[in-house]
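This report refers to the structure that appears directly beneath it.
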Amino acid sequence: MPQSDAWTALAAGSIDAIGSPLLETVPSDIETFCPAYERLDDTGRRAFWVGLLSAMARFESGFDPSVSFDERAHCPSCDWALTRDGRHVISRGLLQLSQESANAYRGCPVPIADEEKLHEPALNLRCGVAIMSRLVSRDGVISRKDGQWKGGSAYWSVLRPGKLDAIQAYTSATENCGG
C-alpha cells in the first residue's frame, strides 16, 4: 500500500504524543498478542501497537479512510446506535470511529460541525491511539470479556471472537514479537 509508510509514521507519532500509557502498560493478555512484549524497549512496544492498529484497520475499513458505517442500520434496536439528538451514529475512517466516541476521549478533538474529519488518517489514528490508550490502561487488557468487554474490545468488535484470532496471529508473527 502506498500510504502504509505515512500511516505508520502517523500512528507512531500519535503514540509518542498521547499514547505513553500504551508503552508503560503490560496488558495481562499481551502474551497472546506479542509473546516478547515484556522484553521490548519503547521502540519495540511502539512497533507492536502500530502493528495492532494496522491489523485492526484491515478489518475495520480495508485500509480505506473513506469508509463509513451506519451503526443503527446494523443494529436497528440498539439505543447506543443513536446520538442524543436522535441521529444515527456513523463510524468513520481507518479505525471506524464515531464522532460521539472520539469526543469522549482526551487527545481526540473532533469538531461537532465536522465529523467528516474522522476520515482523515492523521486524526483517525490519533483518536484511535487516544481510545486504545485509555481503555488498555484502565482495564489492563487488550481484549477480555468479564461480564462486559474490556480493553480495546470494549470499543472495537474486531478485538472480539471472529477477527481476534487473525489479529493475534498477525501481531505474534511480527519480528519484534518473536515471530
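Identify, among W49, V26, T171, the residue whose Cα sits farthest towards the positive end of the charge dipole of the chain, taking +1 on the Cβ of Lys and Arg and -1 on the Cβ of Asp and Glu, with the dipole about the Cα centre.
Going by the charge dipole, the pick is V26.
So between R160 and A6, what do we pick up on full extension, going 0.36 nm a residue minus the alpha carbon distance?
Gain on extension, R160 to A6, equals 52.7 nm.
Go through (1) 18.7; (2) 16.3; (3) 17.9 and flag the label whose value is the computed Kirkwood radius over Cα pairs in Å for this structure.
Computed from these coordinates, Kirkwood radius over Cα pairs in Å corresponds to label (2).
Give me the distance in nm between label points sitting 7 Å out from Cα along the Cα-to-Cβ direction at N103 and S68, one decimal.
1.5 nm
Per DSSP H run of at least 4 residues, take -39500 (n - 2.57); add these up for the chain, divide by its residues and hand me the 222 nm value, nearest 500 deg cm²/dmol.
It lands at -13000 deg cm²/dmol.
What ranking of K163, K150 emerges when the number of other C-beta atoms within 10 Å of each C-beta is taken as an exposure proxy, fewest first?
K163, K150
Under a point-charge model restricted to the Cβ atoms of Lys and Arg (+1) and Asp and Glu (-1), what is the dipole moment magnitude of the chain relative to its Cα centre, in debye to the nearest 20? Intermediate values should be presented prior to the final figure.
Details: 18 positive and 23 negative charges, 60 e Å.
I would put it at about 280 debye.
No value in this document is a laboratory result; all are computed from the given coordinates. If you're wondering where the values come from, they're calculated on a predicted model, not measured in any experiment. Counting neighbours? That spans all protein chains shown, and the Cβs are built from the backbone with ideal geometry, glycine included.
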